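Below is one structure, written out as structure tokens; the observations come after it.
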Amino acid sequence: MRERWLKKYTKIKYLEGILRERQLHLSSPSEWDDKNDSMVVKLYSNKFLSFDAVGTCLTGAPDRFHFWHIFGEREQGVCLWFERKALVNDIKGDTTLSSGEVLYRLPEDVRFLEDDQIPFAKREQYQDECEFRVLRTKKPKHMAFDKFSFSALSLQRIYLNPWLSRSEVTRQKRKISDLLKDDLAHVKVWQNRTLRKRKWIDAVAEALEGAP
């Protein structure tokens, strides 16, 4: 069963621009840390496109510590939660974009993929990421090449990273609330609690109380 949400981990410093413009950045795969990914997109671009595709990655997976640690860069991070169906419809409305769930495969299975599935293929070891990839595979005429737009209603939640102090959370929430007006007034802002999950801690404490 698919998650209801597609989540984008990014840096807090980019949040204001994202909210004001209603756009997500599409980066060059050459900037991605995983060179397996970047080379796959590069090889596909060389074969089928007249330019190098740009893209971004979201996830449908439940919260993971390493998502915050790597993609959000710890205390620099923020996570935007998009309602999957609405965001996919936004993407489909832009004919210069291609998108889809990443297909996790072993090297010997790649030859069975269709050509248009290749840029959405990734090594089987990464399947816990549940990645959803967006690529620009056609040149747009009337919009920025390295960004794509989302509708206000597709964005539903914003989570601040778990490393922030209470005072910094308060400060960030106040700053973000000034941006969440009019058609973004419905968006909720919380702090992620990955590093201190009260329910889990209480359960362990209760279990230990009954231990001999």
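The values are calculated or read from the model by the stated rules, or taken from the named source; none is laboratory data. Everything numeric in this text was worked out from a predicted model, so none of it was measured. Cβ: placed from backbone, ideal geometry, glycine included. Neighbour counts: every protein chain shown. Just the protein is used for accessible areas: all its heavy atoms, side chains included, with ligands, DNA and RNA removed. Shrake-Rupley method; radii C 1.70, N 1.55, O 1.52, S 1.80 Å.
Brief remarks follow.
- Set side by side, the residues L179, L160, L164, L106 differ, and just one is more than 23 Å from S45 (Cβ to Cβ), open to solvent by 60 Å² or more (accessible area, probe 1.4 Å) and either of a type outside the set (S, T, Y) or touching a helix residue (DSSP H, G or I) at 6+ places or on another chain (Cβ under 7 Å) (or both), which is L106.
- Selection from the stretch 88-137 of residues that are aromatic (F, W, Y), more than 13 Å from L58 (Cα to Cα) and within 18 Å of the chain's Cα centre (by Cα): Y104, Y126
- Filtered by the rule that a residue be open to solvent by less than 60 Å² (accessible area, probe 1.4 Å) and hydrophobic (A, V, I, L, M, F, W, C), the stretch 58-78 gives L58, A61, F67, W68, V78.
- Condition check for F82 on (1) open to solvent by 40 Å² or more (accessible area, probe 1.4 Å); (2) in contact with a Ser or Thr (Cβ under 6 Å, 6 or more places away or on another chain); (3) under 27 Å from R193 (Cβ atoms): one failure, at (1).
- Residue in the stretch 37-49 that is closer than 20 Å to K138 by Cα, touching a strand residue (DSSP E or B) at 6+ places or on another chain (Cβ under 7 Å) and not acidic (D, E) present: yes
- The listed residue being without any contact (Cβ under 8 Å) to a residue 24 or more places away in the chain and either surrounded by fewer than 17 Cβ atoms within 10 Å (Cβ to Cβ) or aromatic (F, W, Y) (or both), out of K42, K11, K92: K92
- Failed criterion for S149 (all others in (1) in contact with a helix residue (DSSP H, G or I) (Cβ under 9 Å, 6 or more places away or on another chain); (2) closer than 16 Å to L26 by Cα; (3) without any contact (Cβ under 8 Å) to a residue 60 or more places away in the chain hold): (3)
- All of (1) over 30 Å from K181 (Cβ atoms); (2) at pLDDT 95 or above hold for E16 with one exception: (1).
- Selection from the stretch 171-212 of residues that are small (G, A, S), assigned to a helix (DSSP H, G or I) and either in contact (Cβ under 8 Å) with a residue 40 or more places away in the chain or under 22 Å from K8 (Cβ atoms) (or both): S177
- Of all residues in the stretch 135-148, exactly one satisfies the criterion of being within 27 Å of R64 (Cα to Cα) and either exposed (fewer than 15 other Cβ atoms within 10 Å of the Cβ) or out of contact with any Asp or Glu (no Cβ under 9 Å at 6 or more places or on another chain) (or both), namely L135.
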